[in-house]
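Q: Here it is, the structure, as structure tokens.
Read the figures in this text as sums done on the coordinates, not as results from a lab. From a predicted model like this one, the values you see are computed outputs, not experimental measurements. Glycine gets a Cβ as well: all are built from the backbone with ideal geometry, and neighbour counts include every protein chain shown.
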Amino acid sequence: MNKLLVILSLILAFSALCQKPEVSLSIEPKQAEIGEIFTITVRSNVQGQVEIDNKPSSYVPGYDVMNGMEQDMDHNTGIVTTYYYISETGAIGKAGKYTIGPAFVTQGNKVYKSNTVEITIADKTQMTNGKVTSAQLKQDAFGIVQTNKKTVYEGEPILVSAKVYSHFDPTHLAGYRSYSMKGAIDKQPVGNSQRILVEKEIFKGINFYAFEYDKNIIFPAGTGIFKISGYAMNLHRGYESFPITSNHATVEILPLPENPPTDFIGAVGNFTVHRSIDSKEMKQGDVFKMNITIEGYGNLQNTIEPTPVLPKGLIVYGDPIIEEHFVYSSKGTEGIISYDYNIQVNIAGEIELPATTISYFDVNQEKYITASSELEQIRVKADKSFIVEEVKDPKSSAIEELSYTAELRPSLSKAKERVFFNSPVFWASVGTPLFAALIFLFIKRQRESSADEIVKREISRQKDKDLSDSLAKINLLLNGSDDYAFHNEIEFALIKAFEIILDIDEDLKLSKQDIYTYLENSGQSELSIRVKTLLSTADQFRYGFQANTNSKQKLSEELNSILANLK
């Protein structure tokens, strides 16, 4: 037995010595505004002194620094690799694009180098304050809901944040309840929306301590005057608590102009379209890939799939493969959505592919804009072995034969009496409007159906993403000092998991009691007790007892165990 342990120890030691040194640098988020806090993380399988190069002169380090270690196991080889990480927060005080890094890890006389990362810093978005009364200005602390605009178009994103003013230097907050907007189909955090940076600010001629919190981009649906409800919190100065309930805000949502172009994809913002094909020479019957990419910012995640316009003889096979690469910023959703189509060529010769066009609504110009890709030519060689069903020529001079039971044609004399009603002119004048009306109704229903499907798909996808992001935050906060944020994420992740299981509408909020009732009614009493214990323990550490790494690790493990049982 001892010999076996020695052999295993030697194998693990040899594996550790043979593993290739890795150093990676990451920044989250990669887009921020002036003064907005972001996180820089260095992760390496080499332990040593860490230095990060090329931080801009306007970079201001934050107070949060976290370091720790984690282990990854290769399930194929059984080799366990230990990674060391260190994270720090900071902000940049000047707009521009910056390349930060590389990071260097020094171990003995060896230095290991990481990649570099680019971050974009935008000018600070000007926010509009709600109404503030003279009585509020005299309070110890008060809150308002800020928006970047008071009037927007349907589909245009709104930037919203909580702004807090106080006559004292606050130490922390607790019991935060966020604002909400009825009719919003999506609400996404922007930047490090839970980070607090208190600054001195002159407001209405009075000196205050002020900070922004809970910054989100909201995508409204519908038109009219919409209310953004106020938020609530307890602002603390040490052990002293000051309850705050903010004012609400209103936003007017205007309808888009009537009669949008037929290639309107529901996009509101600024967009471009690009198209490429994987081959320009092929033979009859071959299948080639066509990629259409929509790029820009606005409500990108809610756009409708573009329809490729193809000449006769080209057929699209199956649904496209969709890839999404975007982030949420003060501009809305910014990035690209890529569509890959499989297209078969059934005819031979020189074929011109018409440009792919999309139309979107530009809120600055207040009109529909059409974006277009380039025209492309493909060359298709004839293939005799490829059989295409021939279509009869409508101009054929074949003689029509009537059976004895066929209806007799009307005489010329009778036809002349009703010449207008049966003429091509009659059917053109009457049939064309009817046909156009039917086409309009079909397109309208198809668009409404597509839009509803997009909303459902986006809500479902967003819930899964929220849960995944929350679990990632829990792992990141596990060894950190922000106990409140860690235990808050424990509760958020568990509630989000039940929202997914119960298919709760986006407008509804699931309470703890709803969860307990569901588990009891579904015969899961034991699981209900575990959920109650987890949530109550998280509350105790969040608002009372001091937590430590071991207690947080146990809570994280219990959460993962409960989620596994739910699956």
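Q: Subtracting the Cα-Cα distance from 0.36 nm times the residue separation, let me have the gained length for GLN344 to VAL309 in nm, one decimal.
A: Full extension from GLN344 to VAL309 adds 11.2 nm.
Q: A further question on this structure: If you average the C-alpha positions of region 142-173 and of region 259-336 separately, how far apart do those two centres end up, in angstrom?
A: 35 Å
Q: How high is the FRET efficiency between GLN540 and GLU281 when r is their beta carbon distance and R₀ equals 60 Å, given to the nearest 0.05?
A: The pair GLN540/GLU281 has a calculated efficiency of 0.30.
Q: Hey, what does the equivalent ellipsoid look like for region 19-122, semi-axes from the Cα gyration tensor as sqrt of 5 times each eigenvalue, largest first, whole Å?
A: Ellipsoid semi-axes (Å, largest first): 28, 14, 12.
Q: In addition: In nanometres, what is the gap between the two model label sites at ILE501 and LYS381, each 7 Å from Cα along Cα-to-Cβ?
A: 6.0 nm
Q: Further question: Which order do the peptides 497-504, 516-523 take when ranked by the mean count of other beta-carbon atoms within 10 Å per residue, highest first?
A: So the order, starting with the most tightly packed, is 497-504, 516-523.
Q: Still on this model: Taking the simple approach of a point 7 Å from Cα along Cα-to-Cβ for both LYS124 and GLU258, what is their distance in nm?
A: 4.5 nm
Q: While we're on this one: Using the beta-carbon distance between LYS30 and ASN560 and R0 = 22 Å, what value does 1/(1 + (r/R0)^6) give for FRET efficiency, to the nearest 0.05?
A: 0.15
Q: If the viscosity is 0.692 mPa s and the temperature 37 °C, what translational diffusion coefficient in µm²/s does Stokes-Einstein give for region 87-224 when Rh comes from Kirkwood over Cα pairs?
A: 181 µm²/s
Q: Could you tell me the calculated FRET efficiency between THR272 and LYS182, based on Cβ-Cβ distance and R0 = 41 angstrom, to the nearest 0.05?
A: The calculated FRET efficiency here is 0.75.
Q: How far apart, in nm, are two points set 7 Å out from the Cα along the Cα-to-Cβ line at THR223 and at ASN550?
A: Label-label distance for THR223 and ASN550, simple model: 6.4 nm.
Q: A further question on this structure: What is the extension gain from GLU70 to ALA232, computed as 0.36 nm multiplied by their sequence separation minus the C-alpha to C-alpha distance, in nm to one decimal?
A: Difference between extended and current length: 54.6 nm.
Q: Going down the table (LYS94/LYS227; LYS94/LYS473; LYS20/LYS496; LYS138/LYS496; LYS289/LYS496), which pairs top 30 Å between alpha carbons?
A: LYS94/LYS227; LYS20/LYS496; LYS138/LYS496; LYS289/LYS496
Q: Principal axes first, then extents: for the Cα atoms of region 264-388, list largest minus smallest coordinate on each axis, whole Å, largest first.
A: 57, 25, 18
Q: Additional query: Considering the Cα positions of region 172-276, please state its Rg to one decimal place and its Dmax as a whole number of Å.
A: Every Cα atom of region 172-276 included, Rg and Dmax give 19.2, 62 Å.
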